[in-house]
Every structure is written in structure tokens, then in C-alpha cells.
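Trainee: First, the structure itself, so that you have it in front of you.
Values in this text are rule-based calculations from the coordinates and carry no lab data. Model, not experiment: these values are computed from the prediction. Every residue, glycine among them, receives a Cβ derived from its backbone with ideal geometry; neighbour counts consider all protein chains shown.
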Amino acid sequence: MADACSAEGPEAYDTHSAPIMAPFVAALLDAVRPGPGESVLDLACGTGFAARAAAALVGPTGRVRGADIDAGMIRVARARGPEIDFTAAPADRLPYPDAAFDAVVCQQGAQFFPDLTATLTEAARVTRPGGRFAATVWAPLDRQPYFLAHERALRRYAPDALPYFTRAYVRTADQLTTALRAVGYGALTHREITSDIALPPLEEYVHGHLAALWGGLLRAAGGEEAVRGAARLVRDELAPRTAPDGTAVLPFTVRLVTGIR
Ligand SMILES: C[S@@+](CC[C@H](N)C(=O)[O-])C[C@H]1O[C@@H](n2cnc3c(N)ncnc32)[C@H](O)[C@@H]1O
């Protein structure tokens, strides 16, 4: 199955996602405010953006763990955060004892869990009473010009990728808060956060990012020319927003949902 996060490898995912994820990692951790000495779980951690930021906040007396179903993501996470304990595990079967964490965070993972309630039940189990939870998911595509351009490119060059692509943008805050409430979280909040993000020169960046996410399906559909064509289409869509030096500052919006165990 196509993986929406790492078609061409988790190293490429990490490099190309970093500028887009950075402001939202900060917002996610600000929502749970890990303090020195606390324990934090990064759920569906990917290559560990949130885990690395959490490690800096809990300091040497704290403990951060990351779990992700994808062993390749975990391999890169371990290389980039050697002081953090990363484990390959599905989010609904975590290898941690009850009440092990002061806070659980999940960045752009809740769209992909096959059973959201089962996964949040497991998150609740490993969180101590009074512990904090925060998750981000992308707002709908019509509010994300960069990803909307990706959607148009995939529609043209690799339509088979669309079902995998679109699921990242359809998880609602209501779905999350309803499931969190059902498994015992309280003090639920949700809000949207928009960040204007400066992307590197699009000529190279867009091709690399599309190849990192969708290279397998694009090449299966139309060889190397499909990757080049998709990148060209994205750059053309974004041309009105592109500066003379090739960079672009684009708005990205997430839904941030929080709760207390
Ligand atoms: C969009 S990526 C986000 C990764 C990371 N949280 C980040 O901020 O970059 C989604 C991640 O969810 C993971 N994932 C999908 N389904 C999962 C599951 N059932 N259990 C654990 N991880 C899962 C994927 O392997 C992938 O790393």
C-alpha cells in the first residue's frame, strides 16, 4: 500500500517535511507544555519531529519515547534523535505500561489510524490521570494552496494516489473530540492554527517533496516524466505566489485538539 508519508524513504520525508512541520511542532508542544523531568510520548512519531522538540523541553531528567508503525521511520528517528527511545509499534498496541506518560502528542497521525477510538483508548491507557493530550491534523485542502496544488498534480499524473492523499485532509476536530470524550478525556479544546511558511526555492523543493511522498505511484503511472510533470504543475499553480528568487511564503492550516486524561 502507498504510504502517504514516506514513499521514497523516511530520510527524504524528514528533509522535505521539516520546514512545513516546524511551526506546528512548536504549537503542539506549547499545548501540552512538557516540563523538566516529565515523560512524553510522540504517537505516530514518523522521523520524530515532535519527539526531538519534546526532548529539549523535558531535559536530561525527563524521558521521551516515540512509536510509529513504520520501521523505516523509526530507523531514521533513532538516527536523528539517539537520546530518544523510539519503537516500531501500532498506535493501538503500545508496548508501554499503564499511566507511563505525563503527556501524549500526535502530529498528523490521527488521520491514518484504522480505528480512532481504539487508538485513543490506548493513548488514554498509557497517560497518567491528569496527563495531557494534543494532536494536530491538516485543515481541508481548499485552505492549503500548496497541498491543493499537489492534489491537482496527482489527479493529472497519478490518480491512483488520490485516495491515499486525500485522507490526510478529512479528519475533523469533532471526530477527534468525540472519540477523546468517549475514551475518558475531559477539558477538550480545539482550534485552528495558520502559519505562513517560507518554502525553499520551488524549482528543486517541489520535485523533491513530491518524489519523497508520491514518487512510487507517480513513476508507476508515468515513469520519471510523471514526477517531472507533477512538479511542473505544482510550480505553475504556485507561480503567482512565487518570489523572483524562486521561494514562496504559503499559508498552512492545522486543527489542534487537546484534552486532559
Ligand atoms: C504524516 S506522517 C506524520 C509523522 C510525524 N508525526 C510527523 O510529524 O512528521 C503519519 C505517520 O503515521 C504513522 N502511522 C500510520 N498509521 C499508524 C498506526 N496505525 N500506528 C502507528 N503509526 C501509524 C505513519 O507510519 C507515519 O509515520
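Trainee: With a cut-off of 8 Å between alpha carbons and a minimum separation of six or more residues, what is the relative contact order of the stretch 10-260 in percent?
Mentor: Rounded, it is 21 percent for the stretch 10-260.
Trainee: Fewest Cβ neighbours within 10 Å first, please rank 136, 242 accordingly. Working shown, then result.
Mentor: Details: 136 25, 242 19.
The most exposed by this proxy come first: 242, 136.
Trainee: Additional query: Got a sec? How would 236, 14, 70, 142 order by Cβ neighbour count within 10 Å, fewest to most? Working shown, then result.
Mentor: Working: 236 13, 14 22, 70 19, 142 10.
Neighbour counts put them in this order, fewest first: 142, 236, 70, 14.
Trainee: Need the full-extension length gain, residue 228 to residue 143, defined as separation in residues times 0.36 nm minus the C-alpha distance. One decimal, nm.
Mentor: 28.1 nm
Trainee: Okay, next question. If I take the Cα coordinates of the stretch 150-261 and project them onto the principal axes, what are the three extents in Å, biggest first?
Mentor: 50, 33, 18
Trainee: Follow-up question, since we're still on this one. Would you calculate, for the chain, the mean residue ellipticity at 222 nm contributed by helices, counting each DSSP H stretch of 4 or more residues as -39,500 (n - 2.57) and dividing by all residues, to the nearest 500?
Mentor: -15000 deg cm²/dmol
Trainee: Hey, another quick one. Roughly how big is the chain's charge dipole about its Cα centre, with Cβ charges of +1 (Lys, Arg) and -1 (Asp, Glu), in debye to the nearest 20?
Mentor: It comes to approximately 500 debye.
Trainee: How large is log10 of I(q)/I(0) for the stretch 1-155 at q = 0.10 Å⁻¹ when the intensity is taken from the Debye formula with one equal scatterer per alpha-carbon?
Mentor: -0.34
Trainee: Can you tell me how much longer the chain between residue 194 and residue 18 gets when fully stretched, taken as 0.36 nm per residue apart minus their C-alpha distance, in nm with one decimal?
Mentor: Gain in length upon complete extension: 61.7 nm.
Trainee: Just how large is the dipole of the stretch 1-110 about the Cα centre, in debye to the nearest 20, putting +1 at every Lys and Arg Cβ and -1 at every Asp and Glu Cβ?
Mentor: With Lys and Arg at +1 and Asp and Glu at -1, about 200 debye.
Trainee: Provide the per-residue ³J(HN,Hα) series for the stretch 193-198, in order, calculated from phi with Karplus coefficients 6.51, -1.76, 1.60 and θ = phi - 60°, each as a whole number of Hz, with x at glycine and proline positions.
Mentor: Ordered by residue, 3J(HN,Hα) equals 10, 10, 10, 8, 10, 7 Hz.
Trainee: Give me the Å³ per residue figure for the convex hull around the C-alpha atoms of the stretch 86-136.
Mentor: Hull volume normalised by residue count: 78 Å³.
Trainee: Net charge around residue 64, counting only other residues with Cβ within less than 15 Å of its Cβ (Lys, Arg = +1; Asp, Glu = -1)? List each step's numbers first, then the result.
Mentor: On the way: positive: 33, 52, 63, 65, 78, 80, 132; negative: 38, 42, 68, 83, 85, 102.
Net charge in that neighbourhood comes out at +1.
Trainee: Stretched out fully, how many nm does the piece from residue 30 to residue 115 gain, at 0.36 nm a residue minus the Cα gap?
Mentor: 27.9 nm
Trainee: Further question: Please report the Cα spread of the stretch 10-260 along all three principal axes, rounded to whole Å, starting with the longest.
Mentor: Each principal axis gives a Cα extent; for the stretch 10-260 these are 52, 36, 33 Å.
Trainee: Take 113, 101 and order them by how many other Cβ atoms sit within 10 Å, fewest up front.
Mentor: Ranked by crowding around the Cβ, least crowded first: 113, 101.
Trainee: So for the stretch 10-260: antiparallel DSSP bridges make up what percent, rounded to the nearest 5?
Mentor: 55 percent
Trainee: Have a look at 177, 230, 34 and report the one farthest towards the positive end of the charge dipole of the chain, computed about the Cα centre with Cβ charges (Lys/Arg +1, Asp/Glu -1).
Mentor: 177
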